[in-house]
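J.: Handing you a structure now.
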Amino acid sequence: MNQWRVVSIAVIAGALLAGCERSDQDNGEERSAPRAAQASTGGGSAAGGVGGAADQVIRERNLSPDDVLAALKTFMPSGRIDEYIMFASGGHSGQVFAIGVPSMRILKTIAVFAPEPWQGYGYGVGEEILREGDVEGVPIRWGDTHHPAISETNAEFDGQFLFIGDKANSRVAVIDLRDFETKQIVKNPLAINDHGGCFVTPNTDYVVEGGQYGTPLGWDYAPIEQYKESYRGLVTFWKFDRAKGRIDKEQSFCIELPPYWQDLFDAGKFESDGWVFGNSINTELAVGNVDGKSPPFEAGVSQRDNDYLHIIDWKKAEQVFKAGQVKRIKDFAMIELKTAIDQGILYFAPEPKSPHGVDVAPKGEFIVVAGKLDPHVSVYSMARIKKAIADKNWTPDPYGVPVLNYDAVKEAQVELGLGPLHTQFDDKGYAYTSLFLDSAVARWTLGGSYQSLHKEPPWKLVAKQNVQYNVGHISAAEGDVASPDGKYLVALNKWSIDRFFHPGPLYPQNLQLIDISQPGDKMQVIYDMPLGMGEPHYSQMIKADKLKPWSIYPEIGWDPHKQAVDPTAPKAGNERIDRQGSTVTVYMTANRSHFTPEHVKVRQGDHVIWRITNIERSEDAIHGFALPGYNVNLSLEPGETATFEFVAKNPGTFTWYCSEFCSALHLEMMGYFLVEPTQSADARRAETTPEGAP
Ligand code: RUQ
Ligand code: CUA
């Protein structure tokens, strides 16, 4: 055993030497056989004479020095834990992924808006959470998860909660990071879909959900010809109750906005604390080609040279809401546009043509908006914004919103390349912006107090790193909080042509890990991670040791929905079956390797309430509970109790079993659910056979 360990370490050490020595001179070249030879250690190396073994692998696999270095930077020996955890939205999979960095190993899919059988979410339990997100009685069982937000304390990630928005249906979900499970879904009562959610204020007082396409508020009908008058934009402030771990709808409010298409949002901090910022498109109020003469959306929405950065004083808005100066729509508090203008809550600043992405710098003094159709990022200064407001240096837009003078609020414009979208920050005074059309990540310098952190002149492009391909968001290690770590950046690429074996015409996404630890023009792609499980849209990356997840639930009989012990949960010794009229309640426990009781007998038509507690206290001793014919599958983590109910509609002999391979006698972990018919088989068949059928 030991001998093998020594050898493998020596091989790696040899390869490291080979890779490190030559990686600089080979940066960015095409891979070739001669380079592979060059990358080798050249026979007996310093690494105890095993360089030859490394050489052989390097040659056989045709690896360049950069390849070897990348492998060494990302390889995680068995048993070692990743330094960062990245929470990536799952796009239209409706879920969230937890991914270890730098290994890029997927640790968990967190079921949020879509049922997930292996987590027992939506198959007997979890349905009450999914139902909270239904729209007017229509079950919605998917989501388009876009922007995850880790809870913050003093503008730093605190690792307690994760919020995720569903763009498709304008919903926000709360995930508790003690057990990595979804606890709540709230449906926005006014907006039918959104985009700029979720972003948290620096102490997670509010989870901000920015709108997207203009609609009549409250999902009402209005003809598209009345767009200007009847359609509106929106931003919602969901109040988060940290003690309860829930959004408090009663303490939440929204602000009516002109029917521009609000896009991304970010919360201010420190100098800009108390403010949120959102970019917008379609200040043209384009409605598509409704009349046979107007331009289609893609052209109509991009006609003007400027759209508006939305600058919102949420602390003032909170006071106005608390003073009751709101209108209620669908029993939800809304600050009307006129109130927002009169009370000095809402301001605009021009931003170049159809921008995208708004990101607040670590100390909160600068706000960066990317050009999308313009090769620049525009940097606004909070001090200048405050001065322009004090000086009333504005002209009103058609809805009466003050538009601040661009030159008065602009700090800098930095030319980066084609299709700038989203910006992240590091510890070296650099900002990073994704360039969708260039398929690159631009590194550029911040000015102001960040100037002392780097050698280059301020507000200048420093380097571009190519990525494969069409990058949307980027995510740096703690890259959008008060003290970013630098080190790693992940490019969330939309296209992966020529990178992987393609499993049919639906290609995986390509998440590329970039080493950003070295200053200047040294950046390196060190890992390509195919993800064939949805379209990760945005992610946040937190230091792993800030997370304090449970390994088992704190007590036996724990109800994860309440995050408290349920005193009525089944326990060892009190397992039983109670009958009251036609209601049968099962109190069951699960332990390696049996369910108690082993037989449950009911009559057809009985209402069955089935309760199960996993009474294990060992880490990872999970049991499943699969009940065929009734669409039930649970995942019971150590200590967890779960309850599901159904009407035993169909008689028969059903064999339930444990669906998690828990022990040597896992196959024996089963039981019988016997539903005695109340009618003869012929009578039942007659009832269920459609008329006219043979
Ligand atoms: S924004 S298109 Cu995150 Cu780039 Cu949704
Ligand atoms: Cu319990 Cu398998």
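J.: Could you pull out every one of the strands (runs of 3 or more DSSP E) wholly within segment 330-376 that has 1 or more residues that are within 16 Å of ligand 1 (Cβ to nearest atom)?
T.: 346-352, 356-360, 366-370
J.: When the residues of segment 537-565 are filtered to those that are within 16 Å of ligand 1 (Cβ to nearest atom) and not in a loop (DSSP other than H, G, I, E, B), which remaining residue is surrounded by the most Cβ atoms within 10 Å (Cβ to Cβ)?
T.: M541
J.: Which of the residues belonging to segment 129-155 are modelled with pLDDT under 95 and either outside any loop (DSSP other than H, G, I, E, B) or outside the structural domain of H422 (by TED's automatic domain parsing) (or both)?
T.: Matches in segment 129-155: V135 only.
Quick grid of which residues meet (1) within 30 Å of T613 (Cβ to Cβ); (2) in the same structural domain as N470 (by TED's automatic domain parsing); (3) in contact (Cβ under 8 Å) with a residue 24 or more places away in the chain; (4) touching a strand residue (DSSP E or B) at 6+ places or on another chain (Cβ under 7 Å):
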{"site": "K487", "(1), (2), (3), (4)": "no, yes, yes, yes"}
{"site": "V490", "(1), (2), (3), (4)": "no, yes, yes, yes"}
{"site": "H502", "(1), (2), (3), (4)": "no, yes, no, no"}
{"site": "P505", "(1), (2), (3), (4)": "no, yes, no, no"}
{"site": "P508", "(1), (2), (3), (4)": "no, yes, yes, yes"}
{"site": "Y527", "(1), (2), (3), (4)": "no, yes, yes, yes"}
{"site": "G532", "(1), (2), (3), (4)": "no, yes, yes, no"}
{"site": "Q540", "(1), (2), (3), (4)": "no, yes, yes, yes"}
{"site": "Y553", "(1), (2), (3), (4)": "yes, no, yes, yes"}
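J.: Exactly one condition in (1) touching a His at 6+ places or on another chain (Cβ under 8 Å); (2) not in a strand (DSSP E or B) is not met by Y399; state its number.
T.: The number of the failed condition is (1).
J.: Given the options L257, L217, L190, L162, name the one that is hydrophobic (A, V, I, L, M, F, W, C) and surrounded by fewer than 24 Cβ atoms within 10 Å (Cβ to Cβ).
T.: Unique residue meeting the criteria: L190.
J.: Checking K73 against (1) touching an Asp or Glu at 6+ places or on another chain (Cβ under 9 Å); (2) closer than 30 Å to G159 by Cβ; (3) surrounded by fewer than 14 Cβ atoms within 10 Å (Cβ to Cβ): exactly one of these is not met. Which one?
T.: It fails just one condition, (3).
J.: Let me ask something else about it. Within segment 403-446, track down each residue that is of a type in the set (G, A, S) and out of contact with any helix residue (DSSP H, G or I) (no Cβ under 8 Å at 6 or more places or on another chain).
T.: A412, G417, G419, A431, S434, S439, A440, A442 - these are the residues of segment 403-446 that are of a type in the set (G, A, S) and out of contact with any helix residue (DSSP H, G or I) (no Cβ under 8 Å at 6 or more places or on another chain).
J.: A follow-up question, please. Take segment 401-449 and flag every residue that is crowded, with 24+ Cβ neighbours inside 10 Å and of a type in the set (D, E).
T.: Listed by number, the list holds a single entry, D426.
J.: Which of (1) at pLDDT below 95; (2) under 19 Å from V414 (Cβ atoms); (3) not in a loop (DSSP other than H, G, I, E, B) does E298 not meet, given it meets every other one?
T.: Only one criterion is unmet by E298, namely (2).
J.: Please give the number of the condition K244 fails out of (1) touching a strand residue (DSSP E or B) at 6+ places or on another chain (Cβ under 9 Å); (2) closer than 30 Å to G159 by Cα; (3) of a type outside the set (S, T, N, Q).
T.: All conditions are met except number (1).
J.: Oh, and also: Could you give every pair whose Cβ atoms fall below 7 Å, whose first residue belongs to segment 337-355 and is under 20 Å from D263 (Cα atoms), and whose second residue is of a type in the set (F, W, Y) and surrounded by fewer than 20 Cβ atoms within 10 Å (Cβ to Cβ), counting only separations of at least 6 or pairs across chains?
T.: Note: pairs meeting the criteria are L337/Y399; A349/Y406; P350/Y406.
J.: If a residue counts only when it is more than 16 Å from ligand 2 (Cβ to nearest atom), among the aliphatic types (A, V, I, L, M) and in contact (Cβ under 8 Å) with a residue 12 or more places away in the chain, which strands (runs of 3 or more DSSP E) contained entirely in segment 602-661 have at least 1 such residues? Spell out the reasoning first.
T.: Details: elements: 607-614, 623-627, 632-636, 641-647, 652-657.
Answer list for segment 602-661: 607-614, 641-647.
J.: Let me ask another. When you look at Y469, is it in a strand (DSSP E or B) and more than 20 Å from G90 (Cβ to Cβ), yes or no? So that I can check it myself, show each step before the final result.
T.: On the way: in a strand (DSSP E or B): no; more than 20 Å from G90 (Cβ to Cβ): yes.
Criteria not met by Y469.
J.: Evaluate segment 616-634: report whether one residue or more is of a type in the set (K, R) and either within 16 Å of ligand 1 (Cβ to nearest atom) or within 32 Å of the chain's Cα centre (by Cα) (or both).
T.: Checking segment 616-634: at least one residue is of a type in the set (K, R) and either within 16 Å of ligand 1 (Cβ to nearest atom) or within 32 Å of the chain's Cα centre (by Cα) (or both).
J.: Here is a further query. Between V138, V96, V101, V174, which is over 20 Å from N633 (Cα atoms), hydrophobic (A, V, I, L, M, F, W, C) and surrounded by fewer than 20 Cβ atoms within 10 Å (Cβ to Cβ)? Don't jump to the end; show me each part of the working.
T.: Numbers: V96 fails: surrounded by fewer than 20 Cβ atoms within 10 Å (Cβ to Cβ); V101 fails: surrounded by fewer than 20 Cβ atoms within 10 Å (Cβ to Cβ); V174 fails: surrounded by fewer than 20 Cβ atoms within 10 Å (Cβ to Cβ).
Within the list V138, V96, V101, V174, the selection yields V138.
J.: If you don't mind, there's one more thing I want to ask. Go through segment 662-678 and give me each residue that's within 13 Å of ligand 2 (Cβ to nearest atom) and part of a loop (DSSP other than H, G, I, E, B).
T.: C662, S663, A664, L665, H666, L667, E668, M669 - these are the residues of segment 662-678 that are within 13 Å of ligand 2 (Cβ to nearest atom) and part of a loop (DSSP other than H, G, I, E, B).
J.: What are the pairs with Cβ atoms under 8 angstrom where one residue, in segment 186-211, is β-branched (V, I, T) and the other, located anywhere, is part of a loop (DSSP other than H, G, I, E, B) and within 16 Å of ligand 1 (Cβ to nearest atom)? Sequence gap at least six, or different chains.
T.: Listed by first residue and then by second, the contacts come to I192/N169; I192/S170; V208/G196.
J.: Moving on. Do we find that L373 is under 22 Å from N493 (Cα atoms), surrounded by fewer than 18 Cβ atoms within 10 Å (Cβ to Cβ) and at pLDDT below 95 in this structure?
T.: Yes.
J.: Out of segment 102-118, which residues are part of a loop (DSSP other than H, G, I, E, B) and either over 14 Å from M541 (Cα atoms) or without any contact (Cβ under 8 Å) to a residue 12 or more places away in the chain (or both)?
T.: A111, V112, F113, A114, P115
J.: How do the strands (runs of 3 or more DSSP E) wholly within segment 174-290 filter down when requiring 1 or more residues that are over 22 Å from Q325 (Cα atoms): which remain?
T.: Once the strands (runs of 3 or more DSSP E) in segment 174-290 are filtered for at least 1 residues that are over 22 Å from Q325 (Cα atoms), what remains is 181-187, 197-200, 233-241, 246-257, 261-267, 275-281.
J.: Moving on to the next point. Counting only residues that are touching a Gly at 6+ places or on another chain (Cβ under 7 Å) and at positive phi, how many does segment 233-288 have?
T.: Matching residues across segment 233-288 total 3.
J.: Counting only residues that are touching a strand residue (DSSP E or B) at 6+ places or on another chain (Cβ under 6 Å) and among the aromatic types (F, W, Y), which one in segment 136-164 is farthest from F113 (Cα to Cα)?
T.: So, considering only residues that are touching a strand residue (DSSP E or B) at 6+ places or on another chain (Cβ under 6 Å) and among the aromatic types (F, W, Y), the one farthest from F113 (Cα to Cα) is F157.
J.: Inspect all residues belonging to segment 42-62 and state whether any of them is at pLDDT 95 or above and touching a Lys or Arg at 6+ places or on another chain (Cβ under 8 Å).
T.: Scanning segment 42-62 turns up at least one residue that is at pLDDT 95 or above and touching a Lys or Arg at 6+ places or on another chain (Cβ under 8 Å).
This table checks each residue for (1) under 30 Å from V301 (Cα atoms); (2) free of Cβ contacts under 8 Å to residues at least 60 places away in the same chain.
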| residue | (1), (2) |
| --- | --- |
| D166 | yes, no |
| V172 | yes, no |
| T182 | no, no |
| Y221 | yes, yes |
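J.: Filter segment 377-396 down to the residues that are among the small types (G, A, S) and in a helix (DSSP H, G or I) and list them by number.
T.: A383, A388, A390
J.: Return yes or no: is A476 more than 30 Å from E637 (Cα to Cα), at pLDDT 95 or above, crowded, with 19+ Cβ neighbours inside 10 Å and not assigned by TED's automatic domain parsing to the domain that holds K571?
T.: Answer is yes for this residue.
J.: From the residues in segment 188-219 that are under 17 Å from the mean Cα position of the chain (by Cα) and among the charged types (D, E, K, R), which one is modelled with the highest pLDDT?
T.: Ranking the qualifying residues of segment 188-219, first place goes to E209.
The values are calculated or read from the model by the stated rules, or taken from the named source; none is laboratory data. Keep in mind the model is a prediction, meaning the values are calculated, not measured. All Cβ positions, even for glycine, are placed from backbone atoms using ideal geometry, and neighbour counts span all protein chains on display.
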